[in-house]
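Reviewing the structure listed below.
Each reported figure results from applying straightforward, stated rules to the coordinates on display, with no laboratory input. These numbers come from a predicted model, not from an experiment. Cβ placement follows ideal geometry from the backbone for every residue including glycine, while neighbour counts extend to all protein chains displayed.
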Amino acid sequence: MNNHIVENLKKEIENFKATLKVEKVGNVMEVFDGIAKISGLSDIKSSEMVTFSKGEVGVVLNLEEDAVGVIILSDYSHIKEGDVVKATGRILEVPVSDKIIGRVVNAIGAPIDGKGAIKGNNPSTSSGLSAYPIEKVAPGVITRQSVSEPVTTGIKVIDAIIPIGRGQRELIIGDRQTGKTAIAIDTILNQKGQNLICIYVSIGQKDSKLRKLQVRLEEGGAMDYTVIVSAGASESAALSYIAPYTGVSIAEYFMDQGKDVLIIYDDLSKHAVSYREISLLLRRPPGREAFPGDVFYLHSRLLERACRRNKEYGGGSITALPIIETQAGDVTAYIPTNVISITDGQIFLETDLFYKGIRPAVNVGLSVSRVGSSAQIKAMKKVAGTLKLDLAQYRELEAFAQFGSDLDEATKRQLERGKRAVEVLKQPQYAPVKIENQIVVLYALTKGYMDTIPVDKIKEYEQGLLDYSESRAKKFFKEITETKMWSDAGEAELKKVIEEYTKSFAK
Amino acid sequence: MVLGEALLRTVLNFMTTLSNNDIAQAIYLTSKDKTGHELALSLKNVVSFLHRRRLLNKSEEILFSLNKIINDEKGVKIAKVSSANKLHEQNKKEIIHLFKKRYLAKDVIIEEKIEENLLGGVKIEINNELIDLTLKNRIYKLQEYLTTKYE
């Protein structure tokens, strides 16, 4: 046995031919805070990967007259002045394969979940993994198609009022502790069997939070179609800066196979802060809020890579849900305004609503989806069409009604309807609702069946209605799943079921 | 010479941020082709300029850039050759000949360094390029090859 190994090794060594390569090199001038200044390295490109003497990886960000500024992506404690730095001639790449699904990787794509190396089946590389560059020009207009298919989040208020389409970029914005991540997680949990690969990019978050999230996803069976990319709070700013690009490169790998991908950046405020740190260390001039001048480009080039490709170019899509944390509800700060202008709409979460018990705390008036309505299924469009308007009128009347009790019948009716609508749109965490069930509930609401139900009984009514209708309105459900719209017969069946249930509930 | 001094003056008067390379270039142009008293005066001016602009702490980097400019101008390349043992004259001649051809240089100066941990072979650093022909590197490459193959 031993002889066999030795023989094999001998053969390998005999057959091994080292190829001579002339390498472009430079020398470390100084190292500090994860940044290295390097002399030499002529002909190097921006964003090119360099390797240090002990195999540490760096990325070139600054090209100066007689030095190159590099961010170091691994432990830099062994790098010292005078060390040789080699150029690789390649843009930083992330190793990808289908087997990355279900794994937790760091900002450079290396697994950190203790489940061993990620295997691949690409015959052209020795490891079997394909390499995707982390910086890539976004797909052009010719290759794109408009958004037409929905991403169902399972959250009633979003699916009904702020629908998201595949290929859309929808910002989730709000103060701390308003349920931003909860929306993202619920959306991932709801994608079971929806043919959507999810990528969750965690930027500068506590490892404990990430671990909890991972366990939650595992419990919900969501890790079967999810990849987590993590750049933790304890890691360097360089890794936080790279992580979203790594995430989108993994997403592009799947999109290139014609698959639909959902990517969540949690959160881009921390990403901007880490980029500010790097820029200031590289002595780039600070601008507003000390962010560098290209902080808009930082996010726009990332979010532009979310798209829906047309059939001729292989199809597939990347839907992006960036998250931004505001300070005391200030959406007019630099980063929030930038990202609002880049994305195709925003879901605005408010602390006041959250503490009033309206959860998800979505402010329906300020939240919009600019392209999502064309992706909404016909049946949902029909039931939810007037919902946003109803809610807007309710809010207006609510303020007005506080001053007097002499209200006409129509106003009273509208107020009552509004209260019920708010109640219906409340939803606990980790409890996504199927789209057909959402339609049933919203149908009952908008057609006035809930008007006679006391507001505090709405939740009970809703649950009961869903259980009751599931076995009795089979035709309706079948139509919604198959044709995405009901027929007259289906509607009649649903009406009958709702009437029956409402009568029995009143008793 | 007038051009060089004018350039130095321009640099002095108008440029707010000076790169080491700019200063080295100006020094080169002012002192080019000068000898004896003229050169000494010119260098004195340079030192007083550096002193006035508080750039004396950068003199090492400026000298490095100046050296590079002079070498480029003269068509000289510096080859830093590291080896485990002292090089034979014949080998040195071969190296000079090879690099004269490769970089179309008028002259190649060899800076030798003995590094025993290289085990054997030579490592040449020239013109921001590295040619590593050492035994240490070959063993490292073999290790890389075997680990990736049998991982």
Tally, over region A:259-291, of residues that are more than 23 Å from residue A:205 (Cβ to Cβ) and over 19 Å from the mean Cα position of the chain (by Cα): 7
Residue list for region A:431-456, restricted to those being under 30 Å from residue A:180 (Cα atoms) and loosely packed, with under 14 Cβ neighbours inside 10 Å: A:431, A:455, A:456
Of all residues making up region A:40-58, the number that are more than 10 Å from chain B (Cβ to nearest Cβ), assigned to a loop (DSSP other than H, G, I, E, B) and of a type in the set (Asp, Glu): 1
Those residues of region A:109-127 which are away from chain B (no Cβ under 13 Å) and assigned to a loop (DSSP other than H, G, I, E, B), in sequence order: A:109, A:110, A:112, A:113, A:114, A:115, A:121, A:122, A:123, A:124
Residue ID - surrounded by the fewest Cβ atoms within 10 Å (Cβ to Cβ), chosen from residues in region B:99-151 that are within 12 Å of chain A (Cβ to nearest Cβ) and among the acidic types (Asp, Glu): B:151
Selected residue (only one of A:102, A:89, A:82 is surrounded by fewer than 19 Cβ atoms within 10 Å (Cβ to Cβ), within 14 Å of chain B (Cβ to nearest Cβ) and touching a residue at least 60 places away in the same chain (Cβ under 8 Å)): A:89
Given (1) more than 14 Å from chain A (Cβ to nearest Cβ); (2) assigned to a strand (DSSP E or B), number of the condition residue B:85 does not satisfy: (2)
Evaluation of residue A:164 against (1) crowded, with 20+ Cβ neighbours inside 10 Å; (2) free of Cβ contacts under 8 Å to residues at least 12 places away in the same chain (one fails), failing number: (2)
Out of A:104, A:147, A:137, sole residue that is under 26 Å from residue A:391 (Cβ atoms) and aliphatic (A, V, I, L, M): A:147
Qualifying residue in region A:213-224 (condition: touching a residue at least 60 places away in the same chain (Cβ under 8 Å) and of a type in the set (A, V, I, L, M, F, W, C)): yes
Helices (runs of 4 or more DSSP H) fully within region A:177-281 counting 3 or more residues that are farther than 21 Å from residue A:134 by Cα: A:180-189, A:207-219
Sole exception among (1) surrounded by fewer than 22 Cβ atoms within 10 Å (Cβ to Cβ); (2) farther than 22 Å from residue A:118 by Cα for residue A:224, by number: (2)
Test: residue in region A:110-118 that is touching a residue at least 24 places away in the same chain (Cβ under 8 Å), buried (at least 18 other Cβ atoms within 10 Å of the Cβ) and hydrophobic (A, V, I, L, M, F, W, C): no
Candidate set from region B:64-82 (those that are in a helix (DSSP H, G or I) and of a type in the set (Lys, Arg)); member that is nearest to residue B:19 (Cα to Cα): B:68
Some residue of region B:140-150 being more than 13 Å from the chain's Cα centre (by Cα) and on the phi > 0 side of the Ramachandran plot: no
Count - residues of region A:1-39 that are within 10 Å of chain B (Cβ to nearest Cβ), touching a residue at least 24 places away in the same chain (Cβ under 8 Å) and not β-branched (Val, Ile, Thr): 6
